[in-house]
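The values are calculated or read from the model by the stated rules, or taken from the named source; none is laboratory data. Note that the structure is a prediction, hence the values are computed from the model and not measured. Neighbour counts run over all protein chains shown; Cβ positions are idealised from the backbone, glycine included. Heads up: the accessible areas ignore ligands, DNA and RNA and are worked out on the full protein's heavy atoms, side chains in. Shrake-Rupley method; radii C 1.70, N 1.55, O 1.52, S 1.80 Å.
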Amino acid sequence: MQPEKLPQKPKDADHIVALILGIGAYGSVALLLIGLLLWAAVPGPIGVQVMRVGVLVLMSTPVVRIVTLLFVYLRARDWKYALISFAVLLIVLASSLLGINL
């Protein structure tokens, strides 16, 4: 009898996650800098709104990472880590919603 093969995470999954984290981090920094420059150069709410989008991008980056890994694990039929990713996603979303209401 041959031992049962365990599902493997695709090798490019780490590259995809790293790309998501890089885009989120550098994109949010760029938006924050652009918003700061707009706020300093042109009085008005447009610079503040761009900075808010930058903070939102920074805050949503880990959630996008969790969702991506959830789909990677589902596609690889790795139910254990898919369930863990789903549980972490629920915890993050619940804590965010509870934090908004406080």
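Each residue in the stretch 4-30 was checked for being among the charged types (D, E, K, R) and either outside any loop (DSSP other than H, G, I, E, B) or at pLDDT 95 or above (or both), and 1 pass. Restricting attention to the stretch 51-60, which residues are open to solvent by less than 70 Å² (accessible area, probe 1.4 Å) and modelled with pLDDT under 95? Of everything in the stretch 51-60, just one residue is open to solvent by less than 70 Å² (accessible area, probe 1.4 Å) and modelled with pLDDT under 95, namely Ser60.
Only a single criterion out of (1) over 24 Å from Leu90 (Cβ atoms); (2) touching a residue at least 40 places away in the same chain (Cβ under 8 Å) is not satisfied by Leu32, namely (2). Tallying residues that are at pLDDT below 90 and of a type in the set (Ser, Thr, Tyr) within the stretch 68-102 yields 1. Hey, could you check the stretch 35-50 for residues that are assigned to a helix (DSSP H, G or I) and open to solvent by less than 70 Å² (accessible area, probe 1.4 Å) and say which is farthest from Leu90 (Cα to Cα)? Filtering first and then ranking leaves Leu38. Within the stretch 61-78, the residues that satisfy the criterion of being open to solvent by 90 Å² or more (accessible area, probe 1.4 Å) and in contact (Cβ under 8 Å) with a residue 60 or more places away in the chain are Arg75, Arg77.
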